[in-house]
Amino acid sequence: MTGTPSQPPPAKAPAERRDIVAGTAGRAPAGAVWSRDFALFFVARAVARLGDTMLPVALAAGLLQHGYGASAVGLAMASTVAAFAGLVVFGGVIADRFSTRKLMIGADLVRLGTQSLAAVLFSSGHVVLWEVCAIGFVGGVAGAVFQPGVASTVPRLAADVQAANGAIRIAESSAQLAGPAAAGLLVGLASPGGVFAAHAATYAVSALCLLLLRLPPAPATAPGTAAGHAPGTFRADLVEGWREFRARTWLWGVIAVWCLYMIAVWGPTVPLVATQVVQEHGPRAYGLVNSALGAGTVAGGFLALRLRPRRMLRAGAWALFALSGFPAAVGAGLGVPAMAAAAAVAGAGMSFWGVMWATSVQTQVPPDVLNRIHAYDVAGSLAMMPVGQALAGPAAGLFGTGHVLLAAGATSLAVPVALLAVPAIRGLVRADERPRGPGAGVTGAAAHPAGR
């Protein structure tokens, strides 16, 4: 996986040249992370993540209470992911053409409405699967408009991109720690409808923070680069984003491996773990396991703040070996403490990888195509997840939930092996340590030491 036969030879040169000159203008002083505007963005991401981590508990508990099973839970989750993954590429083009802040605010307001509607449905007891899926689909569309702007917002608000990603990862992980436990308590004390109402409120807070945020102008593209032109047609911008995506073997190589991970590991793990733990131990136990996952991701975020490996993706790939124990522990029928411990270890590995990956994308890619490339990244990463989620129920019915989860644990070991087998992935040097030739510019990371 070091190249693609269908790619014309000249396509890679412009991308490599532009990687070296990715914008440096308009950045904060070196080492700066925290400011009023970054703090607002930080709060917006943390609060929204708090609500998102409550959603699986609410869906699993609510649908199970109304007589649905694992297949229904999987389909409800898949409806959101399918809409998101299928449309986020178009969201990337839109984000490169319009104000990312306004698009994110609008998306939050749409999701405020969808989750409020879900709260009404579950509180009234009128729960029909297709209606739940339709609400999830609309929420996924809003997420597809929101997500591309996240990648370009971080480097515009903070000079130290890795530290900013690490801080956001810790905040989101802390939400992962608190959200499921809070959702479990709300289900026990009130109803799943109360969880959906709380979820809707988090989008209101996120929209308010983004409304108050002052987003600085995007860095200028260096003169003479291929991207230094006015936007073309929607289709032309879409094609350009795809061309830039394909020109980076390390980028599409990771996404290709991630497709395997989503369809065979994470896709079935999310609904099956939720269903298995809720049925055998109750929603509070599932909240505890998810909170342990959050605690692990907090630890992984702190680790990513301290360690700055020269080859970020290689270090991140090694951390991914920690993922296999989580589905395997649930599949083996271990007790809640063992499942929680496995979840914590998996969370640490995933969090460390996430910071290494996000920082690599944000510092190796020119800012004027970053939203589109991030959209292709997200779409490719999640493309197979709804397939895995939709197949989770039938596979569990055919082979048994435990066997499917054990197979997912075994398959997850192949993911880091595949990543480390690709030279372009394991050999990618962080942007601030890349050699520079005479007259060459610097990447955003190189201009500032140390690089959702």
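The values are calculated or read from the model by the stated rules, or taken from the named source; none is laboratory data. Remember, predicted model here, so these are calculated numbers, not experimental data. Cβ coordinates were reconstructed from backbone atoms using ideal geometry, including for glycine residues, and neighbour counts include every protein chain displayed.
Which is part of a helix (DSSP H, G or I), closer than 21 Å to Gly347 by Cβ and small (Gly, Ala, Ser), of Ala198, Ala163?
The match here is Ala163.
Out of Pro148, Pro155, I need the residue that is of a type outside the set (S, T, N, Q), over 24 Å from Gln115 (Cα atoms), touching a Ser or Thr at 6+ places or on another chain (Cβ under 8 Å) and crowded, with 21+ Cβ neighbours inside 10 Å. Which one?
Pro155
Which of the residues belonging to the stretch 123-147 are over 16 Å from Met77 (Cα atoms) and in a helix (DSSP H, G or I)?
Across the stretch 123-147, the qualifying residues are Ser123, Ser124, Val145, Phe146.
Within the stretch 392-441, restricting attention to residues that are of a type in the set (Val, Ile, Thr) and crowded, with 20+ Cβ neighbours inside 10 Å, which residue is modelled with the lowest pLDDT?
Taking the candidates together, the pick is Thr401.
List pairs: first residue in the stretch 44-55 and closer than 19 Å to Gly106 by Cβ, second residue surrounded by fewer than 23 Cβ atoms within 10 Å (Cβ to Cβ) and among the β-branched types (Val, Ile, Thr) anywhere in the structure, Cβ distance under 8 angstrom, at least six positions apart or on different chains.
Correct list of pairs: Ala44/Val205; Arg45/Val150; Val47/Val205; Ala48/Val205.
Restricting to the stretch 327-386, name every residue that is aliphatic (A, V, I, L, M) and assigned to a loop (DSSP other than H, G, I, E, B).
Selection gives Ala332, Leu334, Val365, Ala383, Met384.
Which condition breaks for Ala70 when tested against (1) within 21 Å of the chain's Cα centre (by Cα); (2) at pLDDT below 80?
Ala70 satisfies every listed condition except (1).
Consider Phe41 against the criteria (1) more than 25 Å from Val273 (Cα to Cα); (2) in contact with a Lys or Arg (Cβ under 9 Å, 6 or more places away or on another chain); (3) crowded, with 20+ Cβ neighbours inside 10 Å; (4) modelled with pLDDT of 85 or more: it satisfies all of them except one. Which criterion is unmet?
Going through the list (1) more than 25 Å from Val273 (Cα to Cα); (2) in contact with a Lys or Arg (Cβ under 9 Å, 6 or more places away or on another chain); (3) crowded, with 20+ Cβ neighbours inside 10 Å; (4) modelled with pLDDT of 85 or more, Phe41 breaks only (2).
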